[in-house]
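The values are calculated or read from the model by the stated rules, or taken from the named source; none is laboratory data. Being a predicted model, the structure only gives us computed values, none of them experimental. In this analysis, Cβ positions are derived from the backbone assuming ideal geometry, glycine residues included, and neighbour counts consider all displayed protein chains. Please note that ligands, DNA and RNA were not included when accessible areas were found on the heavy atoms of the full protein model with its side chains. Shrake-Rupley method; radii C 1.70, N 1.55, O 1.52, S 1.80 Å.
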Protein chains: 2
Amino acid sequence: MDGSKSKQIGRDSVNSAPGFPYFTTMAAAAAACRLLRLAPRRLRSPRHSAPTALSLFPTPLSASSGWRSYCAAAQASAPPPAAAAAAAAGEAVGEFRRRLRVAEVKGGEDEGAAWVGKELTVRGWVRTCRAQRTVTFVEVNDGSCLSNMQCVLTPDTEGYDQIDCVTTGASVIVEGVVASSQGGKQKVELKVSKIVVIGESDPTSFPIQKKRASREFLRTVAHLRPRTNTFGAVARVRNALAFATHKFFQDNGFVWVSSPIITASDCEGAGEQFYVTTLLSNTAEGGCLVNNIPSKDGRVDWSQDFFCKPAFLTVSGQLNGETYASALSDVKYILENCKEDMDFFNTWVEKGIIDRLSDVAEKNFVQMSYSDAIELLIRSNKKFEFPVKWGLDLQSEHERYITEVAFSGRPVIIRDYPKEIKAFYMRQNDDGKTVAAMDLLVPRVGELIGGSQREERLDHLEARLDESNLNKDSYWWYLDLRRYGSVPHAGFGLGFERLVQFATGIDNIRDAIPFPRVPGSAEF
Amino acid sequence: MDGSKSKQIGRDSVNSAPGFPYFTTMAAAAAACRLLRLAPRRLRSPRHSAPTALSLFPTPLSASSGWRSYCAAAQASAPPPAAAAAAAAGEAVGEFRRRLRVAEVKGGEDEGAAWVGKELTVRGWVRTCRAQRTVTFVEVNDGSCLSNMQCVLTPDTEGYDQIDCVTTGASVIVEGVVASSQGGKQKVELKVSKIVVIGESDPTSFPIQKKRASREFLRTVAHLRPRTNTFGAVARVRNALAFATHKFFQDNGFVWVSSPIITASDCEGAGEQFYVTTLLSNTAEGGCLVNNIPSKDGRVDWSQDFFCKPAFLTVSGQLNGETYASALSDVKYILENCKEDMDFFNTWVEKGIIDRLSDVAEKNFVQMSYSDAIELLIRSNKKFEFPVKWGLDLQSEHERYITEVAFSGRPVIIRDYPKEIKAFYMRQNDDGKTVAAMDLLVPRVGELIGGSQREERLDHLEARLDESNLNKDSYWWYLDLRRYGSVPHAGFGLGFERLVQFATGIDNIRDAIPFPRVPGSAEF
C-alpha cells in the first residue's frame, strides 16, 4: 500500500493486521460465531451428542463413509517395531472429522428439502424462543450462515424441563428429524427429539436483545456482535474476500511473502508514529518511572532498546504486481459464494448493492490522467467543498463525483499524479512534474486501491530521497535493489477494510474490522 | 497459539506477523525474487519485449486466446450514456494478463520438451555466464522455480554487444526459440535471438558470488538472498504451506478472523513486553527528551498515550478448532506441489527429509498423557541434560527423544500437562492437577503445535485468574463469553516458522523468515 493511503486509513482506525495462521480468534468473535467445533462428530449421529462427548482427545474411530478423512493413509502402513513397543504408552489419533453445519443443510438450491426425514444434530445459539400453546419454536443459529434452523419442541421433547434456560444467547445442542415447514419463511424445520442446554445466558443482562441494536452500541460489545445478523454476515464476507484475494494471486503465480510489522526505517518521513519499545518495561509499583527510562544527556538512549535504535510499527506494506485492474474479480467471488449474506446486505444495509457490485464486476474499468481528471472536474461546473486545482490532491467528494456521476458507477483509475503529493519511491514521468502513481476509485468508497510504478533508476531515486529530506543511508538495502539487476516494477495496496465496506455497504470502517483499534481504545 | 509457545518463539526471533494482503513486499524479497511482473505481455510475443513496452498502464488489448481473462465480461455490456459521453476523457482498461514463467515451461513432466521449436521470452536474473569459443551460456532464473533457463548466445544474437554487462545478478530479457539441449543437466535450452540487459549488476561488488555463501552472511543481505537457490526454495515452500493452511481451513468451513496485533490486556502476566506508544514522539533536535515524556508524579502518564493506557504487541493469538491432529496434511501438499524444491532440500540441506515428511504424512499420530511421557522418559534410563520429573516442563531433548527414538519418527501428541506450567485459560481436568493442554511433537523440531481445551466454566476461569494474580476486570469481555451461551471449545497455535523449518530442513529459524527481527536489529 502506498504510504499516503495507509496513513489515511491508519487515522480512521488503527487496524488489526490480519495475522496468520490465526484463522479465528477463539478468545472472542470466533468463539461466539462458530462454536462447538471441537467435537469430532459423526454425521447424522444424534446418539452421541451429549456434551460429555465433546472430548478434546477423541479415541481413534473406525472408518465411516460419513466422515471426511484428512489423514487417510493412517491405516495403510504397519507401525514400526519401536512404535509397536511403545504402543502401550500411547494411543493413535484418528483422522480429522468435521461436523455438519446449518449452511450445509439449508445452503443448497433446495433450501434443505433433500434432508426431509433425516436425523440431524444442530449446535448453535438461540436467537429467539417463542412458546405457543402446544409447541415451542426455537430459532438456532450456528454462525455458518445467515439462516437459523427453526426447531420445534413439544412437552415430549427430551430435555424440555430445561426450557426456561432456552433464552436468547444460550448455546444448545438439538437433535431431531428434518421436516417440511408449514411456515412461509423456511422450507424445512427440525422436529426436536432432544435438547441440551450447553451454556446459559441470563436474559436480563445479555446485551444483545431481540430489537435492532445500534452500530455504535454494538461496537462496545465487539465480543458479542458477531452473533448478530449483520456482523455474522460481515465476518463471512470478509473471510470470502480474503480467501478470494489469496486464491487470485496464488492462481496467477505470485508468491506470498510476509513483511515485517516492525521497522526501523522511517518510511514516510517524520510524524507521529507508534514506537515499539521495551524501554518502558521498568515496572515500579504504580507504573513506569520516567527517571528509570535509559537516557543519555537527557535524551532517550535508544542503544539500550531491544533493537538498539528506534523502531516503529510499519505504516507501509507493498504489493508486487501489475494486477491492480483485476483485484475486483473478488467481487464476483462473493456474489457467487456469499449469496445469502449479500441478499441480506441488499435488503437491510444498502439497497441496490448487488447491482452496484455487479456493475463493477462486469463493466470495463476507465482510466484517465490526473490532469484530465482535474479538467473534467473543472468543466463539470459543480460546486465542491474543496478546491479543484492542478497540484492539489483529490478529495473524497471529487473521487466520488468522477466514479459515481461522470462515469455512472464504473470503476475509474486515475494516474500520473503531481510528484509533490506522492511518495519518494514512485517513478518520475518524463514530464518531470508527475509520477506514475495510480488510484482506483469505486462508487461510494472512493479510493479503494493505490499503487505506483516504482523508481527503478538509482540516480533518480537518490535524487528523490534528497529532495524529500530522507536519509539515504537507512535505505541502503532499498538502493541495492537498484544497484544489482534493477527492473521496472510496480506495486499496489488494496484497502482491505474498504473492500469489505464496499462489498457490504457498511458505512463505518470500524464495523468492517473485528476488533478495531481507535484513539483511546485498544479494548478486547 | 498458546502464550507460552508464542513467547518461546518470540525469544528465538521477533517474528514478522505475516500481513495480508501483502502477498509480496515489493521493497525487498519479492522485487528480487519474482520480477518483471508489471508488464502485461502477450504469450509468445517476442516482438514486444523491449523495456519501453513495460508500461504500467497498458492500453486496452483485443481478445487473444493466449491471454487469461479475469474481467472477461468487459466487452459484454454497452457503455452507459454518461460513460460514453465521458469516454473522450478516459480509456478503458483491459483484462488482467499474466506473463509466462520458467516454471510453466520446465515444470511439467516432460521438463519442457513440448516447447521445443516454440518462441519464448524469459525475464529473470543472470545466475552465471560462461563464454566458450563460439557460444556463450547464460543461466537465467526468474524465481518461479529452482530451475534456470539455459540460454545460448552467439555473436549473431541481437544485443550481443552488451555481453560484458551480462554478469551475475543482472536482470535481462531474452527471446529465442526452445531447442533440445545437448547438455545432460536439462532437457531444453533457449537459442537466443535477442538479449536486453534491463538492470546491470557490478560484478566486483555484487555480494552473492557464485560460490556457496554462508547462511550467516546471507542474513546480512536479506534483501538479496531470495536470489539464491536455498532462499528462493524456502520462499516458495513457505508460500505453499501458508496457502495450504488457508485452504484446509476454508475447505472445512472455518472462518478466518483477523486478530488485533495491539492489545491492552497483559495476556501472559508481567514480563518484558513490546510497548506500542506515541509518547516517545517528541522529536527535539537530537532525539526524544526524557523530560518531555508526559508524566504524573514521576511516572509515565498513560492517559496521554494514544490508547489512553499501556498497549502492547500481542504475544498470544489463538486458533479455534479441533483440527490440531490434521494440520500436517499441509506436508502432503508441499510434497505434491513443490517437488523440485523438496528434491533440492533433500539433496543439499537435509538428506532424507522427504522420507521423514512422508512418514509424518502417512503414519498415524500417537497420543499419550504428560504423566505417561514422564514415565516413558524415566524408564528409558537415558541420561538427559535437563531433569525429568513430574511437574517440570518438557525440554527439547525430551520431546525429540519421544518422537524420534521412542516412536521412531511418528508425530506424538502429549496431553494433560500440570496446570502450574500452563496458562490460565486452559481447562482444568477432573484430577484437579492437570489441564487439557496438548503439544504436537515432530522429529527434529520438537514442539510444532501447542493447544488446549479452554476453560468454559465461569467459576473455574475466575478462580484461575485469581490464582494467577491477573486482574479480572481487564478480562470482562473474555468472561462474558462464559456468561452468555458458553460452549466447550478448544484452540491451537501452529508455529508457522517451525513448520517451514520442519518442511525444509533449515536449521535456524531466522532463515525461515524473510525479514527476521532479532535483538539489536530491525534491519530491512
Test B:PHE254 against the criterion of being open to solvent by 10 Å² or more (accessible area, probe 1.4 Å) and either at pLDDT below 85 or part of a helix (DSSP H, G or I) (or both), and give yes or no. no
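Looking at this structure, is A:ILE198 touching a Gly at 6+ places or on another chain (Cβ under 9 Å) and under 18 Å from B:GLY485 (Cα atoms)? Working first, answer last.
Details: touching a Gly at 6+ places or on another chain (Cβ under 9 Å): yes; under 18 Å from B:GLY485 (Cα atoms): yes.
Considered against the rule, which asks whether it is touching a Gly at 6+ places or on another chain (Cβ under 9 Å) and under 18 Å from B:GLY485 (Cα atoms), A:ILE198 comes out as yes.
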Pull up region B:445-469, narrow it to residues that are among the small types (Gly, Ala, Ser) and touching an Asp or Glu at 6+ places or on another chain (Cβ under 9 Å), then point me to the one that is surrounded by the fewest Cβ atoms within 10 Å (Cβ to Cβ). B:GLY446
Collect the residues in region B:462-495 that are out of contact with any Pro (no Cβ under 9 Å at 6 or more places or on another chain) and closer than 30 Å to B:VAL442 by Cα, keeping them in residue-number order. B:HIS489, B:ALA490, B:GLY491, B:PHE492, B:GLY495
Hits in region B:463-488 - residues which are in contact with a helix residue (DSSP H, G or I) (Cβ under 6 Å, 6 or more places away or on another chain) and not basic (Lys, Arg): B:LEU465, B:LEU481
Considering only residues that are more than 10 Å from chain B (Cβ to nearest Cβ) and buried (at least 17 other Cβ atoms within 10 Å of the Cβ), look in region A:364-385 and name the one that is nearest to A:ARG415 (Cα to Cα). A:TYR370
Scan of region A:285-298 for residues that are facing chain B (nearest Cβ under 9 Å) and either surrounded by 16 or more Cβ atoms within 10 Å (Cβ to Cβ) or touching a residue at least 40 places away in the same chain (Cβ under 8 Å) (or both), ordered by number: A:GLY287, A:CYS288, A:LEU289, A:VAL290, A:ILE293, A:SER295
Given the conditions (1) modelled with pLDDT of 90 or more; (2) closer than 26 Å to A:ARG457 by Cβ; (3) of a type in the set (A, V, I, L, M, F, W, C), every one holds for B:MET149 apart from (2)
Residue tally, condition open to solvent by 30 Å² or more (accessible area, probe 1.4 Å) and of a type in the set (Ser, Thr, Tyr), over region A:140-163: 2
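How many residues are more than 30 Å from the chain's Cα centre (by Cα) and open to solvent by 10 Å² or more (accessible area, probe 1.4 Å) if we restrict to region B:190-219?
Going through region B:190-219 one residue at a time, the tally reaches 9.
Residues checked against (1) open to solvent by 30 Å² or more (accessible area, probe 1.4 Å); (2) part of a loop (DSSP other than H, G, I, E, B); (3) under 18 Å from A:ASP341 (Cβ atoms):
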| position | (1), (2), (3) |
| --- | --- |
| A:GLU109 | yes, yes, yes |
| A:LEU120 | no, no, no |
| A:ARG123 | no, no, no |
| A:ARG127 | yes, no, yes |
| A:ARG130 | yes, no, no |
| A:THR134 | yes, yes, no |
| A:VAL138 | no, no, no |
Quick one: which of A:VAL435, A:VAL388, A:VAL412, A:VAL442 is surrounded by 22 or more Cβ atoms within 10 Å (Cβ to Cβ) and without any contact (Cβ under 8 Å) to a residue 24 or more places away in the chain? A:VAL435
Number of the exception - A:GLY169 against (1) open to solvent by 10 Å² or more (accessible area, probe 1.4 Å); (2) assigned to a loop (DSSP other than H, G, I, E, B): (1)
How about region A:94-107: which of its residues are of a type in the set (A, V, I, L, M, F, W, C) and open to solvent by less than 20 Å² (accessible area, probe 1.4 Å)? A:PHE96, A:VAL102, A:VAL105
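Would you pick out the residues in region A:506-520 that are open to solvent by less than 10 Å² (accessible area, probe 1.4 Å) and charged (D, E, K, R)?
A:ASP511, A:ARG517
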It is to be established whether one or more residues within region A:470-489 are under 30 Å from A:LYS363 (Cα atoms) and surrounded by 19 or more Cβ atoms within 10 Å (Cβ to Cβ). yes
Failed criterion for A:ALA242 (all others in (1) more than 9 Å from every other protein chain (Cβ to nearest Cβ); (2) surrounded by 23 or more Cβ atoms within 10 Å (Cβ to Cβ); (3) in contact (Cβ under 8 Å) with a residue 60 or more places away in the chain hold): (1)
Say we look at region B:182-237 and pick out the residues that are in a loop (DSSP other than H, G, I, E, B) and β-branched (Val, Ile, Thr); which of these is farthest from B:ILE163 (Cα to Cα)? B:THR220
